[in-house]
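Let me begin by presenting the structure, written as structure tokens, before commenting on it.
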């Protein structure tokens with residue numbers, strides 16, 4: 001776990017994965033929206049060695065305190081999503097048009 005990378009997310013999930021993690025860790029300023037912004041961010045961070053050293057020293061703690069490592073929150077959100085999906089499925093079973101489409 002060192003210094004994060006500047007990222008320029010694309011249109012598909014695989015391209016956006018790093019951006020999602022950076023935002024969740026509180027490092028959204030490492031995510032670029034354009035090629036020019038990508039270069040500006042990289043040059044800015046590369047030119048500030050003192051800030052990079054501080055970030056590197058505290059990054060493990062910062063990530064551990066972020067939503068990325070909040071297992072109870074993740075489990076609660078996943079449980080809520082499953083309950084919502086189940087409730088919607090059950091409600092659809094009560095509708096005749098939904099049953100005829102699903103069978």
TODO: Just report the Cα centroid separation between the range 7-32 and the range 59-81, whole Å.
DONE: 17 Å
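By how many nm would the segment from residue 93 to residue 48 grow when fully extended, if each residue of separation counts as 0.36 nm and the alpha-carbon distance is taken off? The partial results should precede the final answer.
On the way: separation 45, 0.36 × 45 = 16.20 nm, distance 5.92 nm.
That works out to 10.3 nm of additional length.
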Open item on the list: Helix-only estimate, please: 222 nm mean residue ellipticity of the chain, summing -39500 (n - 2.57) across DSSP H runs of length 4 or more and dividing by its residues, to the nearest 500.
Closed with: -22000 deg cm²/dmol
Open item on the list: Of the listed values (i) 48, 36, 19; (ii) 45, 31, 21; (iii) 64, 32, 15, identify the label whose number matches Cα extents along the principal axes in Å calculated from this model.
Closed with: (iii)
TODO: Going by C-beta contacts inside 10 Å, put 43, 31 in order with the fewest on the left.
DONE: 43, 31
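Please compute the contact order of the chain in relative form: average sequence separation of alpha-carbon pairs under 8 Å and at least six residues apart, divided by the residue count, as a percent. Walk me through the intermediate numbers first.
Numbers: 72 pairs, mean separation 23.8, N = 103.
That works out to 23 percent.
If packing is taken as the average count of other Cβ atoms within 10 Å, what order do 76-88, 55-67 fall into, highest mean first?
Details: 76-88: 10.2, 55-67: 13.2.
Per-residue Cβ counts within 10 Å, averaged per peptide and sorted highest first, yield 55-67, 76-88.
Since every read-out is calculated from the coordinates, none of them should be taken as a lab result. Just so it is clear, the model here is predicted, and its values are computed rather than measured. Virtual Cβ from ideal backbone geometry, glycine too; neighbours counted across all protein chains shown.
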